[in-house]
1. Given only helices, namely DSSP H runs of n ≥ 4 each adding -39500 (n - 2.57), what is the per-residue ellipticity at 222 nm of the chain, to the nearest 500 deg cm²/dmol?
2. What angle do you read, to the nearest 10 degrees and between 0 and 90, between the alpha-carbon axis of helix 22-31 and the longest principal axis of the chain?
3. Convex hull volume of the Cα atoms in the range 31-136, per residue, in Å³?
4. Which whole-number percent gives the relative contact order of the chain, counting Cα pairs below 8 Å spaced six or more residues apart?
5. Of all the accessible heavy-atom surface of the chain, with the other protein chains kept in place and a 1.4 Å probe, what percent is carbon and sulfur?
6. For the range 24-131, state which trypsin sites (Lys or Arg not before Pro) are in a DSSP loop and have at most 12 other beta carbons lying within 10 Å of their beta carbon.
7. Given a 1.4 angstrom probe, what's the average accessible area per residue across the chain, in square angstrom?
8. Under the 0.36 nm per residue contour assumption, what length would be gained going from the current alpha-carbon distance of Ile124 and Ile51 to full extension?
Amino acid sequence: MVSGPVDVVIIGFPGNKFTGKIAPAIRDLVESNTIRIIDLLFVTSDEEGNITALRIQDLASDLTPGLVELDTLIPGALDEHDAQELAEDLPANSSALLVAFENVWAAKFVAAIQEADAVVIDQIRIPADAVAELLA
C-alpha cells in the first residue's frame, strides 16, 4: 500500500486560550480524504512552567472541542519523548497540540514516483505565514 508523506505540525496556544476553531478544519480535511490523522498529543505548561502531556483521548471535550472525537491511525505514535522535546521550548502558561498526519492526497504522486523508478531527494515545507509575507 502506497502512503503519502507524513507531517507533524505543532500548534501553539499562548495563554492556554482555546477557541475550538481548529477541530472543524481538521475534521473537514479528514472527511475529504485529504489527510489521515496518525496521532494527536496535547502538551500544556501551567503558570509555574510544569509540563503535562495528555493523549487526545484523555482530554475533556470542553478543553479541546471536537478533537477528542477524531480517530487516530496509530495512537501513541506521538509519545513522552515528543512531549519532552516540545517542553524545552514551551513557555509557561501555554499549550501546544502536536498533530501527526499522513498527506493522503499525495499518495498518487508517491506511487507515480515509485513507478517511474525515481526517488525524492528532499522535501521542503514553507510555512503558510512565510508564504503570506512573501505575497504581501
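The values are calculated or read from the model by the stated rules, or taken from the named source; none is laboratory data. Because the structure is a prediction, the values reported are computed rather than measured. For neighbour counting, all protein chains shown are included, and Cβ atoms are generated from backbone atoms with ideal geometry for every residue, glycine included. Quick note on the areas: whole protein, heavy atoms, side chains included, nothing else; ligands and nucleic acids left out. Shrake-Rupley method; radii C 1.70, N 1.55, O 1.52, S 1.80 Å.
1. Value at 222 nm, helices only, nearest 500: -7000 deg cm²/dmol.
2. 30 degrees
3. Given the Cα convex hull of the range 31-136, per-residue volume reads 177 Å³.
4. 41 percent
5. Here carbon and sulfur together make up 56 percent of the probe-accessible area.
6. Those that pass, being in a loop and sparsely packed, are Arg125.
7. 65 Å²
8. This chain segment gains 23.2 nm when fully extended.
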